[in-house]
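All remarks here apply to the structure that follows.
The values are calculated or read from the model by the stated rules, or taken from the named source; none is laboratory data. In this text the structure is predicted, and so the values were computed from the model without any measurement. Neighbour counts are summed over all protein chains in view; Cβ atoms, including those assigned to glycine, are modelled from backbone coordinates with ideal geometry.
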């Protein structure tokens, strides 16, 4: 029997507050809830506009090994209406693009912005 839907994606971080600030300020995501897990990890869930899935940000309890994100391990991709306007607004808040913008073969425009901890965020303006 197949699964019925994706609920959330979890990302471990060293600095929960810094990471939450980035996703809220740079991308406009909203904090839907936060709590401490039974194992002592601090958990925060971010909601993305027009999506039912959430992003779970997890900071393990003190004494846990530090998070070491490998380059190009994974990224999140978000659609934007106007990449130029988005990039200008993000840069004004201290979050400049790290790569792009680049036009793809399909006519879409993509760019990347660096999130805390070494994660990357892809931004996609679909072809019109």
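A few comments on the model shown:
- Hey, residue 121 over 15 Å from residue 20 (Cα atoms), buried (at least 16 other Cβ atoms within 10 Å of the Cβ) and either touching a strand residue (DSSP E or B) at 6+ places or on another chain (Cβ under 9 Å) or touching a residue at least 12 places away in the same chain (Cβ under 8 Å) (or both) or not: no
- When segment 1-19 is limited to residues that are outside any strand (DSSP E or B) and in contact with a helix residue (DSSP H, G or I) (Cβ under 8 Å, 6 or more places away or on another chain), the one that is surrounded by the fewest Cβ atoms within 10 Å (Cβ to Cβ) turns out to be 18.
- In the set 96, 65, only one residue is closer than 18 Å to residue 20 by Cα and surrounded by fewer than 15 Cβ atoms within 10 Å (Cβ to Cβ); that residue is 96.
- Residue match in segment 30-43 (condition: surrounded by 12 or more Cβ atoms within 10 Å (Cβ to Cβ) and within 17 Å of residue 122 (Cα to Cα)): no
- Filter pass, residue 33 being modelled with pLDDT of 95 or more and closer than 12 Å to residue 117 by Cα: no
- Elements of the type strands (runs of 3 or more DSSP E) sitting completely within segment 20-83 and holding at least 1 residues that are under 19 Å from residue 7 (Cα atoms), without any contact (Cβ under 8 Å) to a residue 40 or more places away in the chain and touching a strand residue (DSSP E or B) at 6+ places or on another chain (Cβ under 8 Å): these cover 30-36, 42-47.
- The set of residues in segment 90-103 being assigned to a helix (DSSP H, G or I) and either at pLDDT below 95 or within 25 Å of residue 11 (Cα to Cα) (or both) consists of 90, 91.
- Checking each residue in segment 95-114 for being free of Cβ contacts under 8 Å to residues at least 60 places away in the same chain and under 16 Å from the mean Cα position of the chain (by Cα) picks out 96, 97, 98, 99, 110, 111, 112, 114.
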